[in-house]
Each structure stands twice: as C-alpha cells, then as structure tokens.
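Computed from the coordinates by the stated procedures, all read-outs in this text should not be read as laboratory data. Only a predicted model underlies this, so the values are computations on that prediction, with no experimental measurement involved. So basically every Cβ, Gly included, is an ideal-geometry build from the backbone, and we count neighbours across all protein chains shown.
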Amino acid sequence: MNYYAYELAHAIVHPLRLGAEALKYGAESPFNPFSSTPFNRSIAAACEVFENVTRRYGKPLFALKETRINGVSVPVSEQLIEAKPFCNLIHFKRQFPEGIPATNDPKVLIVAPMSGHYATLLRGTVAAMLPEHEVYITDWADAREVPLFEGRFDLDSFIEYLIGFIQTLGPQTHVIAVCQPAVPALAAAAVMAANDDPMQPASLTLMGGPIDTRRNPTAVNELARNKSIGWFENNVISIVPPPHAGAMRRVYPGFMQLTGFMTMNLERHMNAHVGLFNDLVKGDCDSVKGHQDFYEEYLAVMDLTAEFYLQTVETVFQEHLLPDGRMMHNGQRVDCSKIRKTAIITIEGERDDICGLGQTEAAQLLCTNVADDERFHYVQPGVGHYGVFNGTRWRTEIQPRLRQMIRSVERKRRVGTRVEVKPYIGGWSLTPDRPANGLLNAPAD
C-alpha cells in the first residue's frame, strides 16, 4: 500500500505544482512591472522551492563528454558493451584525436551500488579515473521498469552478473566496488578463484563496503540487526502499481530508502532548502546551481527487487555469512581464502556513518592467501561515506593512491617481480594521527 499512497500523493500534488508554476511565471515575468521587488522575488523563490521538493526526479545523465589527458582535451562517448534485464555494462570510450596516440591504460570496472540511487551517483568517481584508465561501469536498472517476465533478481544474480561482466572484459581487469557491492564483488572474486577462472580480476578495490558490519556498527547497521526479516518484508516491501513496466513486481521502493537517508540528516536538508530560498531571492546563481545539481542526483532514486533487498539484509547485516565463512552462492561455499591471483585494496573514510571503520578492512583478514605485497588498506582522514568516492579528497588524495596501486599490480603482472610498494600489515592501518607517507598504505612497523 505504501507505493499506492506515494503515487496518490503525487497525483494530488500535481495540480498544486501547476498552480505554483503559473504563479512563479507571473511573479518573475518581464511584463510584470513589480517582478524585481523583494515581494515578487520571494514569491517566485517559494514557488521554485515547492517545485523542487515535490516533483519526480528522473534518471540523471552521466554527461561526461570529455576528459583531459596530458593537457589535451579528449572526447568521451558512452558505449553499451552488454545489456542484461537488470543492468547494462557501459564503457566510457575515449576518442583520441588524430595525431594523439591512444594510451595503453588499465581496464577498470566500477561496480556501482544497487542501494536506491542510480549509477550516475559515481559520476565524479568515473571522471577522476578517466584520464588514466579505460573505465567501465555497471548501470543498474530501476526494478519498477523491469517487466515481471524478466524473472527474479537476488544477491546471487548480482554475483552472476559481476562474474559475467568480468569475463566479458577479459584478463587484467581491475574491479572497484563502491559501498554495497563490496560483498558481492568479493564473493564473485572468490567464486572465480575457486573455479580457477582464467579471467580472475587483477585487483579488487573495496571502498566503504559492509564486509563485516559487526565492527563499529552504525545506526544503519543497528536498524538492520534489530529488526527481523519479517518486519522488513511487512513494512518496506511494496508492489509496483501500473502503469510502470514492472507493475506487480515486489520491490523495496527507492522513495523508502531516500526517506531513511533524509531523516538521518533532516535538519541539514531543511536548512539546505531554506538556503536555496534565500539564494533565489538574492539571485546567487552559482549557489542555486550547486544546490540543484546535488539534489538532482540525490533525489533521483530507483527501486530494488524485494528478493535482492531481503537477501542482502539477511546475508550481510544480520547473519554475517561472508565474514563467518558460511555464505553460499548457487550451492557453492564462498571461500575468500581461495583468492590468490587478485590483489586486494580496501579504502575507508574516517567519518563514515554508513559503513563504520574496520568494516571494509575485514576483507583483508578473509583473503589470507593473497601475497603480502598485493594487500593494501587506506583510511582517508576527515571524510564521510560519500567523500570516499567523490569530492575533493577523492580527487586529490584517494584516487592518486588508487592509481598507484593499480599500476603497481600492472607492473608486477608484466615483469613477475615485486614492486616498490609497501604491503598491508594486519593489525593497524593509516589513521589521522599517523601521517601518510605518499604511498597507498601505511608503512610497516
């Protein structure tokens, strides 16, 4: 019933939005002699804020048209590599101008989270990797737009998709899993290793992912742990109503996820919209654009299939099957100790309130047979969950270290020798009181 109430609310508000749009047009019309008065500017600003908080936000575009390589502008185009019912594999192809030789850069598969937002949330992640990598990304579909005849999609399906995409891209693929897909990406690497798959990824980077949520549990972790699966099924699962293509599919609606995230920082979001109103009245176009760019992405949400959501909650947040060695994939036990040919890097944010410190690092303790000089861990001081993969710290501090790690693995695979990068040493990691030494990981004691 939640979904039907949501749709009904939008239907009721629609005439009000049309009225607000007409009022805004009249208040700021150049034919209105009072349009520049504070009163009319306030009316127009209030109408725009109302429109912002009540309209539907469609799937944003990546809109990455170019990148700069060695100071030269290189056009970028999106290419569909493989299409599946619940995900497209996209390649950001760099089109080197005539006279500019193409670079032989590492292949990187960025695994976007399937947690309520579209893959475009990682636009900044992709943009920072493009100058020095061949970048691919998983573009997950909105479950409400996938017809019922396409079948189910659960956590096992997610793992199968990843294995298939890695095999499509071929050998020497570097996988970067951001947040939620850390668990299925690690499971996929373990399954491929156990089956001695020749296409095993060269490296696997896990960024802010819930490998073991018993470490420094956050409010999100506590909610998942304290409620039963039955509670989640009865309270957050809905049926997609017509006329959506996925009508009658059971889903975890994106608006439910968004509501949860916004209530965690409700005062901050309210203040942001008050600030938008003031900026509109003042005519501060830069601030208005910054606000709108952020919320165009933040408020655009997608639905998850019920089976994927419930299996993820139970497997990752309640039963902790992967860190306890009890996770199964299609009847096969997921054993991370089988991973030997894939370098492991874990990255965390010091102030992450979604995945607490140590939750991602737990992968290091599971991958016991990865060579010491191919296991790395880094904690970025001063950033929260979003800052691990986007923003200034990501571009200037995290991404350069990640680039170094990927290239160190490339060199080692090429020449078969150890490289000059200090290994991850279990027991401690880089923290704010231990300054970085210019390398990806902390120096060994």
- [ ] Could you give the size of the charge dipole of the chain about its Cα centre, using +1 on the Cβ of each K and R and -1 on the Cβ of each D and E, expressed in debye and rounded to the nearest 20?
- [x] 580
Task: Placed amide H near Glu66: partners under 5 Å, 5+ positions off or other chain - done: Val76
Open item on the list: Just to be sure I understand the model, the point goes 7 Å from the Cα along the line to the Cβ. What's the resulting Thr396 to Lys289 distance in nm?
Closed with: 2.1
TODO: Count charges around Phe255 for me, please; just the other residues with Cβ under 11 Å from its Cβ, Lys/Arg as +1, Asp/Glu as -1.
DONE: 0
TODO: Work out the FRET efficiency for Tyr57 and Thr263 from their Cβ-Cβ distance, taking R0 = 22 Å, and round it to the nearest 0.05.
DONE: 0.75
TODO: Please work out the ratio of the alpha-carbon Rg of region 136-261 to 2.2 N^0.38 Å and round it to two decimals.
DONE: 1.22
TODO: Give the residue from Cys179, Phe317, Gly164 lying farthest towards the positive end of the charge dipole for the chain; charges sit on Cβ (+1 for Lys and Arg, -1 for Asp and Glu) and the dipole is referred to the Cα centre.
DONE: Gly164
- [ ] Please work out whether region 302-391 counts as rounded, prolate or oblate from its C-alpha gyration tensor, where a ≥ b ≥ c are the square roots of the eigenvalues and a/c under 1.5 means rounded, while otherwise a/b larger than b/c means prolate and anything else oblate?
- [x] oblate
Open item on the list: Could you order the peptides 295-303, 236-244 from most to least packed, using the average number of other C-beta atoms within 10 Å per residue?
Closed with: 295-303, 236-244
TODO: Taking the Cα centre of region 162-253 as origin, sum charge times position over the Cβ atoms of Lys and Arg (+1) and Asp and Glu (-1), and report the length of that vector in debye to the nearest 20.
DONE: 340
Open item on the list: Give me, ordered by chain and number, the residues 5 or more places off Gly246 or on other chains with an amide H under 5 Å from its own placed amide H.
Closed with: Glu145, Val146
Task: Euclidean distance between Cα centres, region 349-382 to region 208-234, Å - done: 19
Task: Among Ala247, Ala272, Met192 the positive-end extreme of the charge dipole of region 190-308 (Cβ point charges) - done: Ala247
- [ ] Diagonalise the Cα gyration tensor of the chain and give the resulting equivalent ellipsoid semi-axes, square root of 5 times each eigenvalue, largest first, whole Å.
- [x] 39, 27, 22
Task: Dipole of the chain [Lys/Arg +1, Asp/Glu -1 at C-beta], most positive-end residue of Ile12, Leu23, Ile110 - done: Ile110
Open item on the list: Suppose every Lys and Arg Cβ carries +1 and every Asp and Glu Cβ carries -1, with no other charges. What dipole size does region 36-152 come out with about its Cα centre, to the nearest 20 debye?
Closed with: 280
Open item on the list: So for the chain, if I pair up every lysine 8 or more residues apart or on another chain, how many of those pairs have alpha-carbons under 19 Å apart?
Closed with: 11
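Count the net charge of all other residues whose Cβ sits under 10 Å from the Cβ of Gln359, scoring Lys and Arg as +1 and Asp and Glu as -1.
Working: positive: Arg214, Arg215; negative: Asp212, Glu348, Asp352, Glu361.
Counting the neighbours of Gln359, the net charge comes to -2.
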Task: Three-way shape call for region 98-201 based on the alpha-carbon gyration tensor, with the a/c threshold at 1.5 - done: oblate
- [ ] Taking 7 Å along the Cα-to-C-beta vector as the label spot, tell me the Glu296-Val13 distance in nanometres, rounded to one decimal.
- [x] 1.9
- [ ] May I have the extent of the alpha carbons of region 1-87 along their three principal axes, as whole Å values ordered from largest to smallest?
- [x] 51, 47, 17
Open item on the list: At R0 = 45 Å, how high is the FRET efficiency between Leu80 and Thr37 if r is their beta carbon distance? Nearest 0.05 is fine.
Closed with: 0.30
TODO: Between Arg340 and Asp372, with labels modelled 7 Å along Cα→Cβ, what's the label distance in nm to one decimal, could you check?
DONE: 1.9
